[in-house]
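The values are calculated or read from the model by the stated rules, or taken from the named source; none is laboratory data. From a predicted model like this one, the values you see are computed outputs, not experimental measurements. In this analysis, Cβ positions are derived from the backbone assuming ideal geometry, glycine residues included, and neighbour counts consider all displayed protein chains. For the accessible areas, the whole protein counts, side chains as well, though only heavy atoms, and no ligand, DNA or RNA atoms are used. Shrake-Rupley method; radii C 1.70, N 1.55, O 1.52, S 1.80 Å.
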Amino acid sequence: MHDYILYGRPGWGSAIVEAQLALYGLPVRLEDVGDLFDSDEARDRVRPVNPLAQVPALVLPDGTPMTESAAITLHLADRTGRDDLVPGPQAPERAAFLRWLVFLVANIYPTFTYADIPTRFVQDAQAADGFLEAVNTHARRLWGIVEGAAGTPWFLGERFSAIDIYLAVMTRWRPGPAWFAENAPLLAGAAARAADLPAVAPVIARHFPPKAS
């Protein structure tokens with residue numbers, strides 16, 4: 001079987017797909033594209049796979065490009081014929097899984113897009129500061145909604161899924177692990193358990209190495 005090729009950057013959303021590939025045991029070649037915010041060269045590297053110059057971007061073994069982490073999540077489950085990460089069509093958790101997977105990528109993920117470089121959307125520097133604060137406040141409210149739907153020990157309750165992989169990565173972004181521990185303990189718990197899985201732990205360590213004290 002030919003390798004998958006995953007375009008990404010340490011600490012970015014490509015970690016979500018990399019962890020899934022590791023859990024499935026699929027062969028992958030990692031391509032670090034560099035800083036997509038600051039480098040034209042980095043953007044040029046990924047544009048042939050994703051015209052938006054965003055990661056994750058995945059090239060399948062047959063050469064087909066795929067983008068959008070939720071689409072990749074569903075495709076990998078189909079491709080492997082496994083239901084480890086995506087509940088099957090008849091599974092009682094299927095509807096909740098699809099609902100919250102799309103909620104994460106359609107509602108929460110864009111808050112990072114808006115807040116990472118707010119001047120892409122608001123030109124005035126002072127207005128951009130207010131915009132950034134509003135986006136971050138909105139993101140915290142959205143996370144509160146997700147926390148209200150969370151089960152334990154995993155997001156879906158007894159059923160582990162790819163949503164827990166998303167949480168293992170996304171809870172390391174704004175508003176940060178300390179905020180989740182205090183304000184969204186169910187999400188923080190599921191994220192920690194997913195990050196400790198043997199196949200996932202090396203991926204998390206590579207993307208989010210412990211800070212030197």
Among (1) touching a helix residue (DSSP H, G or I) at 6+ places or on another chain (Cβ under 9 Å); (2) modelled with pLDDT of 95 or more; (3) within 22 Å of residue 107 (Cβ to Cβ) - the single one residue 135 does not satisfy:
(2)
Within region 35-45, the residues that are in a loop (DSSP other than H, G, I, E, B), without any contact (Cβ under 8 Å) to a residue 40 or more places away in the chain and over 13 Å from residue 57 (Cβ atoms) are 35, 38, 39
Those helices (runs of 4 or more DSSP H) lying entirely in region 114-213 with at least 3 residues without any contact (Cβ under 8 Å) to a residue 60 or more places away in the chain and open to solvent by 40 Å² or more (accessible area, probe 1.4 Å):
125-149, 177-183, 185-195
What is the residue count in region 51-74 for residues that are open to solvent by 20 Å² or more (accessible area, probe 1.4 Å), within 18 Å of residue 3 (Cβ to Cβ) and part of a helix (DSSP H, G or I)?
0
Only residues that are among the aliphatic types (A, V, I, L, M) and in contact with a helix residue (DSSP H, G or I) (Cβ under 7 Å, 6 or more places away or on another chain): list them for region 1-20, please.
6, 15, 16, 17, 19
Only unsatisfied item for residue 101, checking (1) within 26 Å of residue 27 (Cα to Cα); (2) open to solvent by 60 Å² or more (accessible area, probe 1.4 Å); (3) outside any loop (DSSP other than H, G, I, E, B); (4) touching a helix residue (DSSP H, G or I) at 6+ places or on another chain (Cβ under 7 Å), is (2)
Could you give every pair whose Cβ atoms fall below 7 Å, whose first residue belongs to region 1-28 and is within 12 Å of residue 61 (Cβ to Cβ) and open to solvent by 30 Å² or more (accessible area, probe 1.4 Å), and whose second residue is among the aliphatic types (A, V, I, L, M) and in a loop (DSSP other than H, G, I, E, B), counting only separations of at least 6 or pairs across chains?
27/1
Of the criteria (1) under 17 Å from the mean Cα position of the chain (by Cα); (2) open to solvent by 40 Å² or more (accessible area, probe 1.4 Å), which one residue 111 fails
(2)
